[in-house]
1. From the set of residues in segment 42-73 that are in contact (Cβ under 8 Å) with a residue 24 or more places away in the chain and of a type in the set (Val, Ile, Thr), which is nearest to Gly105 (Cα to Cα)?
2. Which condition breaks for Val106 when tested against (1) surrounded by fewer than 13 Cβ atoms within 10 Å (Cβ to Cβ); (2) modelled with pLDDT under 95?
3. Right, Ile136: touching a helix residue (DSSP H, G or I) at 6+ places or on another chain (Cβ under 8 Å), assigned to a helix (DSSP H, G or I) and loosely packed, with under 13 Cβ neighbours inside 10 Å or not?
4. Take the residues in segment 103-115 that are small (Gly, Ala, Ser) and part of a loop (DSSP other than H, G, I, E, B), then tell me which one is nearest to Ala39 (Cα to Cα).
5. Output the residue which, of all residues in segment 116-133 that are in a loop (DSSP other than H, G, I, E, B) and in contact with a helix residue (DSSP H, G or I) (Cβ under 6 Å, 6 or more places away or on another chain), is farthest from Leu48 (Cα to Cα).
6. Step by step: first the residues of segment 109-126, then only those that are surrounded by 14 or more Cβ atoms within 10 Å (Cβ to Cβ) and β-branched (Val, Ile, Thr), then the one that is nearest to the chain's Cα centre (by Cα). Which residue is that?
Amino acid sequence: MPYRLEAGTPAIAEGIGLGAAIDWLNRIDFDAACEHEHALYDYARTQLKQIDGMRLIGEAEQAAGAISFQIGDIAASDLGTLLDKQGIAVRTGHHCAMPALQAMGVNGTTRVSVGLYNTYADIDALIAGLQVAKDILE
């Protein structure tokens, strides 16, 4: 006593946020969203392949959303840091897949994710940012 009687404040903000997210999702045309994401994904892969020294990790036929890659001998963490300084968000490291990466002989990757909220301009900025980072790091 008295702690077991003091429930505290309910998660009001979280409930309101969840409601707003559900409202937003209910307004989406999921077929159009899926088409947009797949088109952006394909565009990103095509553009990334144009970068000298690029190695895409994973070539699954039905892949979507995330693209992992390496550029030459550039450390993923260095690449991620330079992209971050340009305002470009990526993930770097093992991505909870260390055994799989080790089996492929990969120490770590840079991973970009595309989604409904992304645009072709975002992909173009990524490619330009990668070129700047590559020039610095090589």
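The values are calculated or read from the model by the stated rules, or taken from the named source; none is laboratory data. Just so we're clear, the structure is a prediction, and the values are computed from it rather than from any experiment. Here the Cβ is made from the backbone with ideal geometry for all residues, glycine too, and neighbour counts use every protein chain on show.
1. Ile57
2. Status for Val106: all satisfied but (1).
3. Working: touching a helix residue (DSSP H, G or I) at 6+ places or on another chain (Cβ under 8 Å): yes; assigned to a helix (DSSP H, G or I): yes; loosely packed, with under 13 Cβ neighbours inside 10 Å: yes.
Here the answer is yes, as Ile136 does meet what is asked.
4. The first filter runs over segment 103-115 and keeps only residues small (Gly, Ala, Ser), leaving 103, 105, 108, 113, 115.
This time we only want the ones that are part of a loop (DSSP other than H, G, I, E, B), so: 105, 108, 115.
Values: Gly105: 30, Gly108: 26, Gly115: 10 Å.
Result: Gly115.
5. As a first pass, look at segment 116-133 and keep what is in a loop (DSSP other than H, G, I, E, B): 116-119.
Keeping just the survivors that are in contact with a helix residue (DSSP H, G or I) (Cβ under 6 Å, 6 or more places away or on another chain) gives 116, 118.
Values: Leu116: 19, Asn118: 16 Å.
Ranking the candidates gives Leu116 first.
6. For segment 109-126, the residue satisfying everything is Val112.
Residues are listed down the side, and each one gets a yes or a no for (1) more than 15 Å from Gly129 (Cα to Cα); (2) acidic (Asp, Glu):
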{"position": "Asp42", "(1), (2)": "yes, yes"}
{"position": "Leu48", "(1), (2)": "no, no"}
{"position": "Asp52", "(1), (2)": "no, yes"}
{"position": "Arg55", "(1), (2)": "yes, no"}
{"position": "Gly65", "(1), (2)": "yes, no"}
{"position": "Ser68", "(1), (2)": "yes, no"}
{"position": "Ile71", "(1), (2)": "no, no"}
